[in-house]
Amino acid sequence: MERHRIQGALLALIAASGLLLTGCGASDTDSDSSSTDRAEGATGFPAPHYSQGEQDSTRPDEESRDIAPSPDHLSTFALDVDTASYGYARRTLAEGRRPDPSTIRPEEFVNSFRQDYERPDGNGFSVTVDGARTEEEDWSLVRVGLATRTAEEQGERPPAALTFVIDISGSMAEPGRLDLAQESLGVMTDRLRDDDSVAIVTFSDEAETVLPMTRLDGNRDEIHDAIEGLEPTYSTNLGAGVETGYATAVEGLREGATNRVVLVSDALANDGDTDPDSILERIDGARREHGITLFGVGVGSEYGDALMERLADKGDGHTVYVSGDDEAEQVFCEQLPRNIDLTARDAKAQVAFDPETVAEFRLVGYDNRRVADDDFRDDRVDGGEVGPGHTVTALYAVRTEPGAEGHLATATVRWQDPETRTPHEESGQLESGSLDDSLWSAGPRLQVTAVAAYFADVLRRGDERWDSLPGAPSVHELAERADDLADTTEDEAVRGLADTIRRARHLGR
């Protein structure tokens, strides 16, 4: 397998909990068995090797890998905050199936967990850079953490204008799809403020505006009736749904409000235009001129992960996946109404590794969010939109020069003020002396990040397009580490990670 040294244009990550919204009572948190058997017996894996200047043509999603590595030590990416890959993997494993390696995006595993970064007082970001040495000689895991200010109380945010684009195709009749969305939207309608607005667009073989943009004040019964009247019908013309949804959002555009399109679908498009780039090209004016971003909510045991993720990335939004009542309530009632506000537009990050101390490195995941190094300060180049209460984590595998001491890396985030479009930057530094001597004696949140990344690595193993992370423990050890971290952090999400790792381990036997 060809491997390369990634220097320069790298990938993207971002804002942790949801580029969108939150209100019902948000929390701050935010395949084959042979490959598993092989991982099960391993105590560690060879560190990845990268040849300077080489590009790996065997990796997936070639369209997103058309920027050649630059001859320097820069890594540049647009911020992104999807978590759908982890949610869908959990659902698949709970049903006794191994997820397809192509659906595993490590950054979405990493960003599914609460972090411990300091937060800034105003708009923009704080930057935290830390790391720890792995059991592989000279290899470390380096964490770049970005955090926005704490979300304000619900009453202090700007009003929301939300256009829900809801899939009512035949496949949505499966329990846990349309019924789950209806119940959650009904609860959310009761929790939104009187000055918020909602529109509803449905699509099957055709798209229809069921409810134009309507203020909540005095109209909640009408909105409830529209939600309760949704019934699954025919095929899935997702392109028509998105196009009609954006047209409805533009028609009901509210100045001074945060305008969003929220797509609820299993993304199993089988009618009309099914190409995400073509779909989004038709609504590009609405997206760029009016700043209307797309938030994708995936549902269903069979789920068009790649299509939904591509739509959200190109639509300046993000995706989540829901498989049950608790997750749906968290998304629709916690993430949606409260985090409607934006603290940063077109946010990009650039990490500069010191060539005197760093021999090679790579960003873990974010394969389709890279930005050319020279475009970091070009504010015409699209970045990510980030709201309050979010964290974004990027994890790097870094090989230092033997005996290296001193400066290792500088991480810089650049963003535009959401109102004035004035650019700002903030940076953080990492010194070799700041690395923890052992990953497993580092802070608990850094350990959670590592366990999540190693677990994603296990689920992708067997696909020769991906390099293993240095110092990878066995699946059995990962489960034990997650159990201990769940006790230490008292975090139910980490407990769920341990349970999910055990399911993957048993499936591999």
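Does the stretch 245-268 hold any residues that are surrounded by 22 or more Cβ atoms within 10 Å (Cβ to Cβ) and either modelled with pLDDT under 80 or assigned to a helix (DSSP H, G or I) (or both), and which are they?
Those that are surrounded by 22 or more Cβ atoms within 10 Å (Cβ to Cβ) and either modelled with pLDDT under 80 or assigned to a helix (DSSP H, G or I) (or both): GLY245, TYR246, THR248, ALA249.
Criterion first (of a type outside the set (A, V, I, L, M, F, W, C), open to solvent by 20 Å² or more (accessible area, probe 1.4 Å), at pLDDT below 95 and part of a helix (DSSP H, G or I)) does ARG505 satisfy it?
yes
Just name the residue that is modelled with the lowest pLDDT out of those in the stretch 80-113 that are among the hydrophobic types (A, V, I, L, M, F, W, C), closer than 24 Å to GLY383 by Cα and in a helix (DSSP H, G or I).
ALA84
Within the stretch 180-194, identify whether any single residue is touching a Lys or Arg at 6+ places or on another chain (Cβ under 7 Å), among the polar types (S, T, N, Q), within 23 Å of ALA247 (Cα to Cα) and not in a strand (DSSP E or B), and answer yes or no.
yes
Considering the stretch 274-290 alone, what residues qualify as being assigned to a loop (DSSP other than H, G, I, E, B) and at pLDDT 80 or above?
Once the filter is applied, which keeps residues that are assigned to a loop (DSSP other than H, G, I, E, B) and at pLDDT 80 or above, the stretch 274-290 yields only ASP275.
So in the stretch 87-122, with the set limited to residues that are among the hydroxyl-bearing types (Ser, Thr, Tyr) and open to solvent by 10 Å² or more (accessible area, probe 1.4 Å), which one is farthest from GLY443 (Cα to Cα)?
Here the residue is SER102.
Would you point out the residue of the stretch 217-244, among those that are assigned to a loop (DSSP other than H, G, I, E, B) and farther than 28 Å from GLU281 by Cβ, that is most open to solvent (accessible area, probe 1.4 Å)?
GLU231
Being surrounded by 17 or more Cβ atoms within 10 Å (Cβ to Cβ), in contact with a helix residue (DSSP H, G or I) (Cβ under 6 Å, 6 or more places away or on another chain) and of a type in the set (Phe, Trp, Tyr) narrows it down to one of TYR396, TYR366, so name that one.
Criteria check complete, one pass: TYR366.
Scan the stretch 322-360 for residues that are closer than 17 Å to VAL187 by Cα, hydrophobic (A, V, I, L, M, F, W, C) and touching a Gly at 6+ places or on another chain (Cβ under 8 Å) and report the count.
4
Quick check on my filter: what residues within the stretch 437-453 are surrounded by fewer than 20 Cβ atoms within 10 Å (Cβ to Cβ) and either closer than 16 Å to PRO470 by Cα or in contact with a His (Cβ under 6 Å, 6 or more places away or on another chain) (or both)?
Passing the criteria: ASP437, SER438, TRP440.
Looking only at the stretch 329-363, count every residue that is within 16 Å of the chain's Cα centre (by Cα), open to solvent by less than 10 Å² (accessible area, probe 1.4 Å) and not polar (S, T, N, Q) and tell me the total.
Total meeting the criteria: 6.
Residue check: is THR202 out of contact with any Cys (no Cβ under 9 Å at 6 or more places or on another chain), modelled with pLDDT of 95 or more, under 15 Å from VAL264 (Cα atoms) and outside any helix (DSSP H, G or I)?
So THR202 fits the description; yes.
Going by the structure shown, is TRP440 in contact with a helix residue (DSSP H, G or I) (Cβ under 9 Å, 6 or more places away or on another chain), within 19 Å of PHE109 (Cβ to Cβ), assigned to a loop (DSSP other than H, G, I, E, B) and among the aromatic types (Phe, Trp, Tyr)?
So TRP440 fails the test.
Name every residue in the stretch 381-420 that is over 20 Å from the mean Cα position of the chain (by Cα), part of a strand (DSSP E or B) and farther than 30 Å from ASP457 by Cα, in order of residue number.
The one that is over 20 Å from the mean Cα position of the chain (by Cα), part of a strand (DSSP E or B) and farther than 30 Å from ASP457 by Cα: GLN416.
Based on what the data block shows, is ARG157 under 26 Å from ALA493 (Cβ atoms), open to solvent by less than 30 Å² (accessible area, probe 1.4 Å) and at pLDDT below 95?
Against the criterion (under 26 Å from ALA493 (Cβ atoms), open to solvent by less than 30 Å² (accessible area, probe 1.4 Å) and at pLDDT below 95), ARG157 qualifies.
Take the residues in the stretch 311-328 that are in a helix (DSSP H, G or I) and open to solvent by less than 20 Å² (accessible area, probe 1.4 Å); name whichever of them is modelled with the highest pLDDT.
Only one residue tops the list, namely ALA328.
Modelled with pLDDT under 95, out of contact with any helix residue (DSSP H, G or I) (no Cβ under 6 Å at 6 or more places or on another chain) and of a type in the set (Gly, Ala, Ser): does that describe ALA352?
no
Exactly one of (1) in a loop (DSSP other than H, G, I, E, B); (2) under 22 Å from THR128 (Cβ atoms) is unmet by ASP378. Its number?
(2)
The values are calculated or read from the model by the stated rules, or taken from the named source; none is laboratory data. Everything numeric in this text was worked out from a predicted model, so none of it was measured. Note that we place each Cβ from the backbone using ideal geometry, even for glycine, and neighbour counts take in every protein chain shown. Keep in mind that these areas ignore ligands, DNA and RNA; they rest on the heavy atoms of the full protein, side chains included. Shrake-Rupley method; radii C 1.70, N 1.55, O 1.52, S 1.80 Å.
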